[in-house]
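Here, each number is a calculation from the coordinates, and none is a lab measurement. Please read all numbers here as calculations on a predicted model, not as lab measurements. We place every Cβ from the backbone using ideal geometry, glycine too, and count neighbours over all the protein chains shown.
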Amino acid sequence: MENEFGNVENKHDGMQDTKDSYTEENGQVNAESSREEELPAGRKLRNSIIELCIYVAIIVICVAFVPKYVLQRTIVDGKSMMNTLKNGENLLVEKVSYHFTDPDRFDVIVFYPHGRDSSDYYIKRVIGLPGETVQIKGEDIYINGEKLEENFGKDPIMDAGMAEEPVKLADDEFFVLGDNRTVSEDSRFEAVGPVKRENIEGRAVLRIYPLSEFGTFD
């Protein structure tokens with residue numbers, strides 16, 4: 001009987017050891033679980049900081065770089081581009097494509113008539129391309145001696161300006177006209193003259209205001 005009782009006690013001691021062992025292991029598991037719960041919280045904070053930095057970077061890019069190098073809002077001032085563009089209309093000017101290609105004939109461009117040191121900018125339509133000879137005879141425009149077929153002018157040309165005589169464009173020059181040719185100050189006159197390639201800021205591509213006129217234009 002003593003042996004059996006002793007055996008019982010031995011079994012009970014074994015169970016106690018098992019329980020103690022389980023308790024210790026369970027405590028270790030709980031500790032590890034706590035650390036695992038803390039780790040996602042730290043990662044969450046780090047991810048929030050990273051997201052905030054990304055948003056700030058995007059805002060800085062939009063404010064500082066996009067208007068200067070990619071896309072800029074421009075307001076039409078005056079009537080020189082009527083009827084295509086009207087005074088007070090807001091346009092988007094894209095600046096990327098001219099880093100890879102030259103302006104095409106009939107593009108509506110934004111440029112600095114007095115150089116980039118001046119804040120004055122004009123909006124006109126490209127008529128003559130580098131190397132061409134432009135001349136205005138009466139109401140008609142001639143490129144390299146051939147009449148240019150176009151219908152952008154609001155009214156017939158009344159003043160040919162210096163283009164009454166042939167104007168030979170240099171390899172980096174463009175001849176521009178306003179669509180409202182009775183009031184436009186453009187390449188016909190010495191105050192503007194042929195536009196240097198380096199003074200062209202970009203191409204007007206979209207009318208964004210007024211909303212009733214939202215969209216592209218020719």
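Which residue pairs have Cβ atoms closer than 8 Å, lie 6 or more positions apart in sequence or on different chains, and pair a first residue in the stretch 128-149 that is touching a residue at least 60 places away in the same chain (Cβ under 8 Å) and of a type outside the set (Gly, Ala, Ser) with a second residue that is in a strand (DSSP E or B) and crowded, with 17+ Cβ neighbours inside 10 Å?
Pro130/Glu173; Pro130/Phe174
Which condition number does Phe175 fail, the rest of (1) out of contact with any Ser or Thr (no Cβ under 6 Å at 6 or more places or on another chain); (2) part of a strand (DSSP E or B) being met?
(1)
Is there a residue in the stretch 114-136 that is among the charged types (D, E, K, R), surrounded by fewer than 13 Cβ atoms within 10 Å (Cβ to Cβ), closer than 28 Å to Asn87 by Cβ and touching a Pro at 6+ places or on another chain (Cβ under 7 Å)? Write out each step before concluding.
So the first thing to find is which residues in the stretch 114-136 are among the charged types (D, E, K, R), and the list is 116-117, 120, 124-125, 132.
The next check asks that each one be surrounded by fewer than 13 Cβ atoms within 10 Å (Cβ to Cβ); those that pass are 116-117, 120.
Narrowing further to those that are closer than 28 Å to Asn87 by Cβ: 116-117, 120.
If we keep only those that are touching a Pro at 6+ places or on another chain (Cβ under 7 Å) as well, we get 120.
Yes, the stretch 114-136 contains a residue that is among the charged types (D, E, K, R), surrounded by fewer than 13 Cβ atoms within 10 Å (Cβ to Cβ), closer than 28 Å to Asn87 by Cβ and touching a Pro at 6+ places or on another chain (Cβ under 7 Å).
Would you please list the contacts, defined by Cβ atoms under 7 Å and residues six or more apart or on different chains, that run from a residue in the stretch 163-188 that is over 19 Å from Thr133 (Cα atoms) to a residue that is buried (at least 22 other Cβ atoms within 10 Å of the Cβ) and of a type in the set (Lys, Arg)?
Asp179/Arg125
Out of the stretch 186-202, which residues are in contact with a strand residue (DSSP E or B) (Cβ under 8 Å, 6 or more places away or on another chain), outside any strand (DSSP E or B) and not aliphatic (A, V, I, L, M)? Reasoning before the result, please.
Within the stretch 186-202, the subset in contact with a strand residue (DSSP E or B) (Cβ under 8 Å, 6 or more places away or on another chain) is 186-188, 192, 194-197, 199-202.
Checking which are outside any strand (DSSP E or B) leaves us with 186-188, 192, 194, 197, 199.
Matches in the stretch 186-202: Asp186, Ser187, Arg188, Pro194, Arg197, Asn199.
So if I check each of Arg203, Arg207, which one is within 23 Å of the chain's Cα centre (by Cα) and more than 23 Å from Arg116 (Cα to Cα)?
Details: Arg203 fails: more than 23 Å from Arg116 (Cα to Cα).
Answer to the selection: Arg207.
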